[in-house]
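For reference, the structure discussed in these notes is given below.
The values are calculated or read from the model by the stated rules, or taken from the named source; none is laboratory data. Predicted model only: the values in this text are computed from it and were never measured. All Cβ positions, even for glycine, are placed from backbone atoms using ideal geometry, and neighbour counts span all protein chains on display.
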Amino acid sequence: MSTQHTPRVYEELIEQYNQTKINNMARLTYKELIDKHIKILKSLQYKSGLFAASKKDGNTGYDKSWLRDNFYETIAFEVIGDWKTVETTYRAILNVLLHHEEKIDWAIKNKPREAYQYIHARFHPENFDEFWEEWGNKQNDAIGAILYRIGELELHDKRSIIKTPDHVRIINKLVKYLETIEYWRDPDSGVWEEGEEVHSSSVGACVAGLKSISRHAKIEVPIKLIHDGEKALNLILPRESEKKFVDLSQLSLIWPYAVVNESQRAVILENVEYHLKRERGLIRYKGDHYYNKNVDGVSEEAEWTFGLSWLAIIYEKMGNKEKAKDILKDLVVLDTPEGLPELYFSNSPEYNDNTPLGWSESLFVVALYEMNERQEKPERNENG
């Protein structure tokens, strides 16, 4: 008897697989799901305070710490009010930057020309050293992300991240660094660490970071530095870059950065959902080669789970709660005993080895928390 399934049998197996997961997950409350994924996320944190991108004993290289991943991984702890974890991580990040202060000084004075001369986006989680193999090390968005979150934590959440003169000094140098590299027209490797272009997601992250940190009394941000970025961003939008019409990373311009207006937001959401949304996540962009299972490398793009969380969070914050709930229902069935994967292979229940992905775990917690809060504390009616 042939072991090959007919397409119809394969579809029935997938349906049965998904229904089993739905039934199992239905037994868990939002709180239980949040607790489960916070525990998984916490397991990725090193003693230094930095988080690995995925499990510490993995063999994919995701045991390292990325600035961007730590930015997103800590948001889950913000929403549940675990400020100790958040503060510990951001002080570790500041210590990483202080560890490389001489390099930052050199970059400010000389303006980097090669990728290795830029502030790297990933570090050893225990000794804070850079990794020197060939990589897309020009990632300006990571610097913008750190400035943004420190500014928001200090201003809105009243958390004291900037505690010492060393902290003030290194943050001012990050501002000067973005000025020196002329971030608004500097081709970088962006969120996905790939081809160098001027990316709207990178420019937007820097604009948001500079605007946020400029509110701190001890941080000096020239207003022109923000305006140059805003002008460049509006010229690039609604595209991600010259080569990319739309990209998953553009959701960051809506949340958390909020650097687009309503019409820009509407176009980004329309483009992302129409072109990138799939059954088990969002593809990053059309023609993505990363974990592409088709031999031609272009038509079977992997489906990233945190794309669904991202959309659910955005729609919840826009007030479209039913759409957020529908997306979250699709997302819950993608969970695994290990946590949420980085991605599923195209049109397949098979996922990759980067499971759990810290970034996915965190955005899932945020989406679950927003929905749980709505159910636990329903909005009052006019007579309430």
Single residue of LEU233, LEU253 found to be modelled with pLDDT of 95 or more, out of contact with any Phe, Trp or Tyr (no Cβ under 9 Å at 6 or more places or on another chain), closer than 9 Å to SER200 by Cβ and not basic (Lys, Arg): LEU253
Check whether at least one residue in region 262-274 is touching a helix residue (DSSP H, G or I) at 6+ places or on another chain (Cβ under 8 Å), closer than 20 Å to TRP310 by Cα and of a type in the set (Asp, Glu), and report yes or no. yes
If you take the residues of region 191-216 that are at pLDDT 95 or above, farther than 15 Å from ARG149 by Cβ and small (Gly, Ala, Ser), which of them is farthest from the chain's Cα centre (by Cα)? SER200
Kindly indicate which of ILE119, ILE75, ILE104 is among the hydrophobic types (A, V, I, L, M, F, W, C), farther than 21 Å from LEU363 by Cβ and under 19 Å from the mean Cα position of the chain (by Cα). ILE119
When the residues of region 233-264 are filtered to those that are charged (D, E, K, R) and part of a loop (DSSP other than H, G, I, E, B), which remaining residue is surrounded by the most Cβ atoms within 10 Å (Cβ to Cβ)? ASP247
Among the residues of region 309-347 satisfying the criterion of being closer than 24 Å to ALA53 by Cβ and small (Gly, Ala, Ser), which is surrounded by the fewest Cβ atoms within 10 Å (Cβ to Cβ)? SER346
Could you identify the single residue in PHE71, PHE77 that is over 16 Å from PRO356 (Cβ atoms) and touching a Lys or Arg at 6+ places or on another chain (Cβ under 9 Å)? PHE71
Note on HIS37: of the conditions (1) in contact with a helix residue (DSSP H, G or I) (Cβ under 7 Å, 6 or more places away or on another chain); (2) assigned by TED's automatic domain parsing to the domain that holds ILE161, unmet is (2)
Looking only at region 186-208, count every residue that is outside any loop (DSSP other than H, G, I, E, B) and either under 15 Å from LYS243 (Cα atoms) or in contact with a His (Cβ under 6 Å, 6 or more places away or on another chain) (or both) and tell me the total. 5
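Conditions tested, residue by residue: (1) touching a helix residue (DSSP H, G or I) at 6+ places or on another chain (Cβ under 9 Å); (2) buried (at least 17 other Cβ atoms within 10 Å of the Cβ); (3) not assigned by TED's automatic domain parsing to the domain that holds ILE171.
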{"position": "GLY61", "(1), (2), (3)": "no, no, no"}
{"position": "SER65", "(1), (2), (3)": "yes, yes, no"}
{"position": "ILE75", "(1), (2), (3)": "yes, yes, no"}
{"position": "ASP82", "(1), (2), (3)": "yes, no, no"}
{"position": "GLU87", "(1), (2), (3)": "yes, yes, no"}
{"position": "ALA92", "(1), (2), (3)": "yes, yes, no"}
Conditions (1) without any contact (Cβ under 8 Å) to a residue 12 or more places away in the chain; (2) more than 17 Å from HIS199 (Cα to Cα); (3) part of a helix (DSSP H, G or I): number failed by GLU273: (1)
Is region 243-251 home to any residue that is in contact (Cβ under 8 Å) with a residue 40 or more places away in the chain, touching an Asp or Glu at 6+ places or on another chain (Cβ under 7 Å) and within 26 Å of ILE162 (Cα to Cα)? no
Is it the case, given these coordinates, that GLU350 is surrounded by fewer than 16 Cβ atoms within 10 Å (Cβ to Cβ), more than 30 Å from ASN59 (Cβ to Cβ), without any contact (Cβ under 8 Å) to a residue 40 or more places away in the chain and not hydrophobic (A, V, I, L, M, F, W, C)? no
